[in-house]
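**Student:** Sharing a structure with you now.
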Amino acid sequence: MSGATGEGRTPRRDPDPRAEEFLNHLRVERRLSPNTLDAYRRDLGKLSEFSGKQPLAELGTNDLQRFLTHLHRRGLAFRSIQRTTSAIRGAYAFWQAEGIIERDPTEGITVARALPGLPRYLSPDEVERLLAAPDDSPLGLRDRAMLEMLYATGLRVSELVGLRTTDVAPARNRAPGYVTVIGKGNKARIVPYGDAAAATLDTWMTQGRPRVLGEGTPKAGSSWLFVTARGGAMTRQRFWQIVRTRGEQAGIPRRFSPHVLRHSFATHLLEHGADLRSLQQMLGHASISTTQIYTHVTEERLRRVYDQHHPRARRGGS
């Protein structure tokens, strides 16, 4: 392979036309989200840079295995290598189905297995400190409402920042409020939220948001729920910065991402008795196997129940 010297020293090249066909298939036929498409594009781009001038559809099993070994040597995280491998497998399966290649070279590649890491999450006390960190300024009310809504619903960051005012149904007649979101695979789902989130959201909508937008200004008609000072939607990158800043203000020693709040939502629900199927629906997981990364919580709870109530759980029991 001409690019075997490593992607860091390989000059950028034009997009591989076969890769573009595959990405277009994902966009049109499978209707994947822009964020997912960007991830596929980056992963195929790594392989394209590594391969040098050789078209991706002409690579063989040995070429692909060397590429994965290269990623390992660079110290890339196992999950990142897994995701890249999944993108590559999808591309070659598509090219084979389209008659572009005769044999799928990914059938012979292997990825070193690793034990799945448990999802990081905050303790209930850390969550309370985080939610109390923003002040009562207009933007502080917005940040508190966003953090509260994220913890209350377990939304993905892209789903949270993409909410419009019409996506939120307030609580009425003792029925909880809920949000309607379009998640991965362009699938809609409804997620409830509780009284605490409803209160902070109401304060943001009645006291914070009007002051941020300004009465009578063009941006006052913005349809975004969590607006910036310019009246537009917040970016995922900006919300990451907000979470980190608020975490520092709350005195939480380790840095964490918005996704940790999603994990906290799931973990704390399970700790209080929620079942995996309900959690799967709220998180928007296509498969229950994805939700099962949280089974460590249910296993710990079952262990506590067993130890507390079984007469012979501990040594010395009768």
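**Student:** Which residue out of 173, 186 is modelled with pLDDT under 90, more than 23 Å from residue 221 (Cβ to Cβ), assigned by TED's automatic domain parsing to the domain that holds residue 247 and over 16 Å from the mean Cα position of the chain (by Cα)? Can you show your working first?
**Tutor:** On the way: 186 fails: over 16 Å from the mean Cα position of the chain (by Cα).
That would be 173, the only listed residue that is modelled with pLDDT under 90, more than 23 Å from residue 221 (Cβ to Cβ), assigned by TED's automatic domain parsing to the domain that holds residue 247 and over 16 Å from the mean Cα position of the chain (by Cα).
**Student:** Name the one entry in 262, 255 that is modelled with pLDDT under 85 and under 16 Å from residue 157 (Cβ atoms).
**Tutor:** 255
**Student:** Going through 282, 205, 234 one at a time, which residue ends up being assigned by TED's automatic domain parsing to the domain that holds residue 141, more than 19 Å from residue 157 (Cα to Cα) and modelled with pLDDT of 90 or more?
**Tutor:** Of 282, 205, 234, the one residue that is assigned by TED's automatic domain parsing to the domain that holds residue 141, more than 19 Å from residue 157 (Cα to Cα) and modelled with pLDDT of 90 or more is 205.
**Student:** Same structure, new question: Enumerate the helices (runs of 4 or more DSSP H) found wholly within segment 223-288, keeping only those where 3 or more residues are surrounded by fewer than 17 Cβ atoms within 10 Å (Cβ to Cβ).
**Tutor:** Once the helices (runs of 4 or more DSSP H) in segment 223-288 are filtered for at least 3 residues that are surrounded by fewer than 17 Cβ atoms within 10 Å (Cβ to Cβ), what remains is 236-249, 276-283.
**Student:** Any residue at all in segment 152-164 that is without any contact (Cβ under 8 Å) to a residue 60 or more places away in the chain and among the polar types (S, T, N, Q)?
**Tutor:** no
**Student:** May I pose another question? Go through the residues of segment 55-64 one by one and say whether even a single one is farther than 16 Å from residue 17 by Cα, of a type in the set (A, V, I, L, M, F, W, C) and either in contact with a Lys or Arg (Cβ under 6 Å, 6 or more places away or on another chain) or modelled with pLDDT of 90 or more (or both).
**Tutor:** Yes, some residue in segment 55-64 is farther than 16 Å from residue 17 by Cα, of a type in the set (A, V, I, L, M, F, W, C) and either in contact with a Lys or Arg (Cβ under 6 Å, 6 or more places away or on another chain) or modelled with pLDDT of 90 or more (or both).
**Student:** Restricting the first residue to segment 137-150 and requiring it to be in contact (Cβ under 8 Å) with a residue 40 or more places away in the chain and among the β-branched types (Val, Ile, Thr), which pairs with a second residue that is surrounded by 24 or more Cβ atoms within 10 Å (Cβ to Cβ) and part of a helix (DSSP H, G or I) meet a Cβ separation below 7 Å and a spacing of at least six or different chains?
**Tutor:** none
**Student:** Conditions first: (1) closer than 25 Å to residue 287 by Cβ; (2) surrounded by fewer than 19 Cβ atoms within 10 Å (Cβ to Cβ); (3) in contact (Cβ under 8 Å) with a residue 60 or more places away in the chain. Residue 190 passes all but one, so which condition is the exception?
**Tutor:** Of the numbered conditions (1) closer than 25 Å to residue 287 by Cβ; (2) surrounded by fewer than 19 Cβ atoms within 10 Å (Cβ to Cβ); (3) in contact (Cβ under 8 Å) with a residue 60 or more places away in the chain, the odd one out for residue 190 is (3).
**Student:** Here are the criteria: (1) among the small types (Gly, Ala, Ser); (2) assigned by TED's automatic domain parsing to the domain that holds residue 293; (3) modelled with pLDDT under 95. Tell me which single one residue 114 does not satisfy.
**Tutor:** (2)
**Student:** From the set of residues in segment 194-210 that are polar (S, T, N, Q) and surrounded by fewer than 19 Cβ atoms within 10 Å (Cβ to Cβ), which is farthest from residue 141 (Cα to Cα)?
**Tutor:** Start the filter on segment 194-210 by keeping residues that are polar (S, T, N, Q), which leaves 200, 203, 206-207.
Add one more test, that the residue is surrounded by fewer than 19 Cβ atoms within 10 Å (Cβ to Cβ), and what stays is 203, 206-207.
On the way: 203: 7, 206: 10, 207: 8 Å.
Filtering first and then ranking leaves 206.
**Student:** In this structure, does residue 302 turn out to be at pLDDT below 90, aliphatic (A, V, I, L, M) and more than 15 Å from residue 121 (Cα to Cα)?
**Tutor:** yes
The values are calculated or read from the model by the stated rules, or taken from the named source; none is laboratory data. Computed from a prediction, not measured in an experiment: that's the story for all the values here. No Cβ is skipped: glycine too gets one built from the backbone with ideal geometry, and neighbour counts run over all protein chains shown.
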